[in-house]
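Notes to accompany the following structure.
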Amino acid sequence: MPSASLVRAGLLSGVDRRAAGWEAQWTDADGVKHAEVLRTQAAAVHHVARNQHGGLRFHDLRHSYATWLVDDGVPPNMVQRVLGHERSSTTLDLYTRRTDDGDRILRALDDPDDDEPDDPVPAPA
């Protein structure tokens with residue numbers, strides 16, 4: 001399941017404020033776009049995270065991590081070493097993308113709501 005943090009960061013589908021609540025927007029496996037209005041922003045974010053088809057692959061995290069390191073001022077040769085690339089040009093050319101607002105991504109990832117399960121697990125009897 002894609003991360004709710006990716007939804008909040010605007011990297012995966014979307015959630016928009018509406019007069020009647022929060023609109024969750026996602027795309028299914030057939031490429032059909034859907035939208036549903038839910039009462040709370042958290043419910044809409046979790047709905048998108050559960051229903052969005054595809055999302056990010058694990059390998060995409062390497063690209064994101066490299067981008068965040070470079071955006072935070074880590075020298076490219078150090079990022080190259082962390083990722084295990086032979087040349088820093090591989091790191092810069094293939095793995096990094098400049099972001100307009102790196103703080104937006106960091107704020108989205110620093111969300112305690114992600115640690116809460118969607119459905120509480122009952123305590124053993």
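What follows is calculated from the coordinates using simple rules that are stated; it is not laboratory data. Keep in mind that this is a model prediction, so the values were computed, not measured. Positions of Cβ are generated from backbone atoms using ideal geometry, with glycine treated the same way; all protein chains shown enter the neighbour counts.
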*asked:* Sort VAL79, VAL37, VAL32, VAL48 by Cβ crowding within 10 Å, fewest neighbours at the top.
replied: VAL32, VAL37, VAL79, VAL48
*PRE reach from ASP93 (point 7 Å along Cα→Cβ): which of the range 62-85 fall under 16 Å by backbone N?*
77, 80, 85
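Quick check on the exposure proxy: order ASP60, ASP93, ASP30 from fewest to most C-beta atoms within 10 angstrom.
Numbers: ASP60 12, ASP93 9, ASP30 6.
Ordered by Cβ neighbours within 10 Å, fewest first: ASP30, ASP93, ASP60.
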*In nm, give the distance between the simple-model label positions of HIS34 and GLU86, each being 7 Å from the Cα along the Cα-to-Cβ direction.*
4.6 nm
*Take the range 58-100, compute every pairwise Cα distance, and split them into 10 Å bins from 0; I just need the percent in each bin.*
33, 62, 5
